[in-house]
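> This is the structure I want to talk about, given as structure tokens.
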Amino acid sequence: MTGRICQEAERLRLAAPSPIRDLMDEVSNMKKWYDDIVSFCAGEPDFPTPEPIKRETIRALESNDTHYASSYGVPALLKIISERIERKTGCRYDSAGEIMITCGAAEAINNVLFSFLDTGDEVLIFTPAFITYKNLVLMCGAKAVEVPLKWNDNYMLDIEMVKKLTTERTRAIILNNPCNPTGAVFEESDLRKLCDWAKEKNLIIISDEIYADIVYDGKKAYSIAAFPDMKDRLILINGFSKTYAMTGWRIGYVAADRKFMDSLLKFHTYCTTCAPTFLQSGLAAGLADEETQKAVDRMIETFARRRKMALRMLSECRNLRYSVPYGAFYILVDVSETGMNGKEFSENLLKEKHVAVVPASAMGAGCESIIRISYACSSEMIKEGLSRIQIFQK
Ligand SMILES: Cc1ncc(COP(=O)(O)O)c(C=O)c1O
């Protein structure tokens, strides 16, 4: 009797709990007992949210902008997002009806997959990947088909593999550019080929571009929205968590051709009704202040310095190999020459040196010997944590 009461729904049993969240909980717990823990786990900038956004949000709260918003979102923020996408890609998404604000990009991904996937549909996911994609696809009753990208190829897109894995049941391709966890920034020519294939096979492209502004060494993250012929099969996902150091605010969005929107809005309305109103209003007003962009530019310069430092320190590790990232704030490291797999390496490193890294095994097949390091933490942490890793890997 009791068992039935708390029996997890079958659809949820298809998904695995997030090992990153579990690890982060373990690290928080350890921090209660030890004051020297260094964590390279979280995909979250350590910076404060830019001052104008905080100031304007307090103002919105004080002026009682605290009621339900439209499920689409607050018009001022929708307009800014529409203008920004158009400026960047040349593609126009109408602020009235082609953009929807969500509680983080996470809710956007959730809304898109639950709105369009049916049992038996197949979704192509490039791996290693953000683990949310696979688990949500599974919860929808659909099949997550991994398209394994290669370490030796710096995790660039493999269009031939996409062609090989496409079947009659393939419904969508999920793309994450720049990529968490590989840091890959895809070539425009490869993206074009992927789009041509999607057109030929009548597939949706779900493009998660949450790291689009965080790129290095002169790289440009090319948006699929910049291909004018793709709008009718593209669903664009983005958000403010990473670029604006706003992970805890939970503001993201979906932009898509109007024909997708009724379904997306239906799902979103029953999930959350709307993202918090005063956060949307404050964000819109804060984005209009030029100090916000200056703060973002400083954060990206700082990420670039941290990346350089982390790569230099990793290059001094005889038993570690890394894949050079050109976007986001993660580095994948192959630990096989230490004689440990990624899980053993991360468990022992945490136990012996109090440094937390994420084993990449859940991010895709063939990632057993890989760990992920996030360099979104302070330079002091990077220096200290990597010094300990240098000693540990010998
Ligand atoms: C690729 C990718 N997409 C989406 C998200 C979710 O972002 P948000 O905080 O806006 O929900 C993350 C967060 O780590 C991510 O790495």
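None of the figures in this text is laboratory data; all of them are computed from the coordinates on show. These numbers come from a predicted model, not from an experiment. In this analysis, Cβ positions are derived from the backbone assuming ideal geometry, glycine residues included, and neighbour counts consider all displayed protein chains.
> Between 256, 198, 96, where does the largest GNM mean-square fluctuation fall for the chain, given springs only between Cα atoms within less than 10 Å?
Between 256, 198, 96, it is 96 that shows the largest mean-square fluctuation.
> List, in the order given, every pair from 134/353; 163/242; 242/308; 54/294; 164/259; 150/308 whose Cα-Cα distance in the structure shown is over 21 Å.
Details: 134/353 32 Å; 163/242 32 Å; 242/308 19 Å; 54/294 15 Å; 164/259 30 Å; 150/308 23 Å.
Correct reply: 134/353; 163/242; 164/259; 150/308.
> Taking a ≥ b ≥ c as the square roots of the eigenvalues of the Cα gyration tensor of the chain, is the shape rounded (a/c under 1.5), prolate (a/b larger than b/c) or oblate?
Details: a/c = 1.42, a/b = 1.21, b/c = 1.17.
Here the chain falls in the rounded category.
> Given 0.36 nm per residue, what is the gain on full extension from residue 301 to residue 318 after removing their alpha carbon distance, in nm? Don't skip to the end; give the middle numbers.
Working: separation 17, 0.36 × 17 = 6.12 nm, distance 2.85 nm.
Full extension from residue 301 to residue 318 adds 3.3 nm.
> Could I ask something else about it? What's the local net charge at residue 43, with K and R +1, D and E -1, over the other residues with C-beta under 11 Å away?
Working: positive: 242, 372; negative: 44.
Charge balance in the 11 Å sphere: +1.
> Right, next: In whole Hz, with x marking every Gly and Pro, tabulate ³J(HN,Hα) for segment 130-138 from phi via Karplus 6.51 cos²θ - 1.76 cosθ + 1.60, θ = phi - 60°.
Ordered by residue, 3J(HN,Hα) equals 4, 5, 4, 4, 4, 5, 5, 4, 5 Hz.
> Same structure again: Springs between alpha-carbon pairs under 10 angstrom, Gaussian network model over the chain: which of 183, 366, 327 fluctuates most?
366
> Please list the non-local residues whose amide H lies under 5 Å from the amide H of residue 322, H modeled 1.01 Å from N, same-chain partners needing a gap of 5 or more.
334
> Now for a separate question. Count neighbours as other Cβ atoms within 10 Å of each site's Cβ, and list the chymotrypsin sites (Phe, Trp or Tyr not before Pro) in segment 1-89 that are DSSP loop with at most 16 such neighbours. Write out the running numbers ahead of the final one.
Values: sites: 33, 34, 40, 68, 72; in loops: 34, 40, 68, 72.
For chymotrypsin sites (Phe, Trp or Tyr not before Pro) across segment 1-89 that sit outside H, G, I, E and B with at most 16 neighbouring Cβ atoms in 10 Å, the list reads 34, 68.
> Give the order of 27, 254 when sorted by the count of other beta carbons within 10 angstrom, beginning with the fewest.
Values: 27 19, 254 28.
Fewest-to-most Cβ neighbours within 10 Å comes out as 27, 254.
> Provide the per-residue ³J(HN,Hα) series for segment 146-157, in order, calculated from phi with Karplus coefficients 6.51, -1.76, 1.60 and θ = phi - 60°, each as a whole number of Hz, with x at glycine and proline positions.
6, 10, x, 8, 9, 3, 5, 9, 6, 6, 6, 4
> Along segment 9-20, what does the Karplus equation 6.51 cos²θ - 1.76 cosθ + 1.60 (θ = phi - 60°) give for ³J(HN,Hα), rounded to whole Hz, x for Gly and Pro?
4, 4, 5, 6, 5, 6, 9, 9, x, 6, x, 5
> Rounded if a/c is under 1.5, else prolate if a/b beats b/c, else oblate: with a ≥ b ≥ c from the C-alpha gyration tensor eigenvalues square-rooted, which is segment 40-171?
Values: a/c = 2.10, a/b = 1.76, b/c = 1.19.
Prolate, since a/c reaches 1.5 and a/b exceeds b/c.
> Below 8 Å between Cα atoms, with a sequence gap of 6+, how large is the relative contact order for the chain in percent? Intermediate results must be reported in sequence, preceding the final value.
Values: 763 pairs, mean separation 97.2, N = 394.
So the answer I get is 25 percent.
> Answer rounded, prolate or oblate for segment 75-151, using the Cα gyration tensor with square roots of eigenvalues a ≥ b ≥ c: rounded when a/c is under 1.5, else prolate when a/b is larger than b/c, else oblate. Mind showing how you got there, number by number?
Values: a/c = 2.63, a/b = 1.77, b/c = 1.48.
Cα axes put segment 75-151 in the prolate bin.
> Starting from the amide H of residue 102, placed 1.01 Å from N in the peptide plane, find each other amide H under 5 Å away whose residue is 5 or more places distant or on another chain.
The list, which skips near neighbours in sequence, is 252, 253, 254.
> Could you identify which residue out of 64, 341, 111 has the top mean-square fluctuation in a GNM of the chain using Cα springs shorter than 10 Å?
Of 64, 341, 111, the Gaussian network model singles out 64 as fluctuating most.
> Counting only residues 5 or more places away or on other chains, whose amide H sits under 5 Å from the amide H of residue 149 once H atoms are built in the peptide plane?
Those lying under 5 Å, H to H, from residue 149 are 127.
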